[in-house]
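Engineer: Before anything else, here's the structure in question.
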Amino acid sequence: MSVIAPDEKTDFVAILHRHRLSEDDFILQETDTTDMVDDVYPLQGHLTIVRKSTLKERAYRIGHGTQWTADFEKDLNKGAFG
């Protein structure tokens with residue numbers, strides 16, 4: 001099961017389109033670190049986003065209570081992906 005919610009994926013693609021970037025130029029590598037202790041547990045993990053054309057990458061916390069899409073867009077605005 002993916003920690004990335006469908007609406008977050010939609011936001012990610014919208015951010016790419018706003019910046020005139022191709023979704024095909026990015027790889028999302030997700031790691032689920034959810035600690036399944038009880039029946040109720042918050043999904044959490046790590047996401048590494050790699051831009052293929054520049055090989056630049058950034059890591060983000062994902063899951064309940066995170067704002068990785070906003071952090072990703074801030075990094076794009078700062079030129080972190082080239």
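Engineer: For the Cα atoms of the chain, what angle does the longest principal axis make with the long axis of helix 68-77, in degrees from 0 to 90, nearest 10?
Structural biologist: Helix 68-77 and the main axis of the chain meet at about 20 degrees.
Engineer: Restricting attention to the chain, which trypsin sites (Lys or Arg not before Pro) occupy a DSSP loop and are surrounded by at most 10 other Cβ atoms within 10 Å?
Structural biologist: R20, K78
Engineer: Give me the Å³ per residue figure for the convex hull around the C-alpha atoms of the chain.
Structural biologist: Cα-based convex hull of the chain, divided per residue, equals 86 Å³.
Engineer: Rounded to the nearest 500 deg cm²/dmol, what is the calculated helix-only ellipticity per residue at 222 nm for the chain, with -39500 (n - 2.57) per DSSP H run of length n ≥ 4?
Structural biologist: About -8500 deg cm²/dmol.
Engineer: Follow-up question, since we're still on this one. With the crude spin-label approximation of a point 7 Å out along Cα→Cβ, what separation in nm comes out for K9 versus D25?
Structural biologist: According to this spin-label approximation, the distance is 2.2 nm.
Engineer: Something else about it: Normalising by the residue count of the chain, find the relative contact order in percent from Cα pairs under 8 Å and 6+ residues apart.
Structural biologist: 25
Engineer: Quick one: Karplus J couplings for the range 25-32, per residue in order, coefficients 6.51, -1.76, 1.60, θ = phi - 60°, nearest Hz, x for Gly and Pro?
Structural biologist: For the range 25-32, the Karplus-derived couplings read 8, 10, 10, 10, 10, 9, 10, 7 Hz, x marking Gly and Pro.
Laboratory data are not the source of any read-out in this text; all were calculated from the coordinates shown. Owing to the predicted nature of the structure, the values given are computational and were not obtained by experimental measurement. Backbone-built Cβ (ideal geometry, glycine too); neighbour counts: all protein chains shown.
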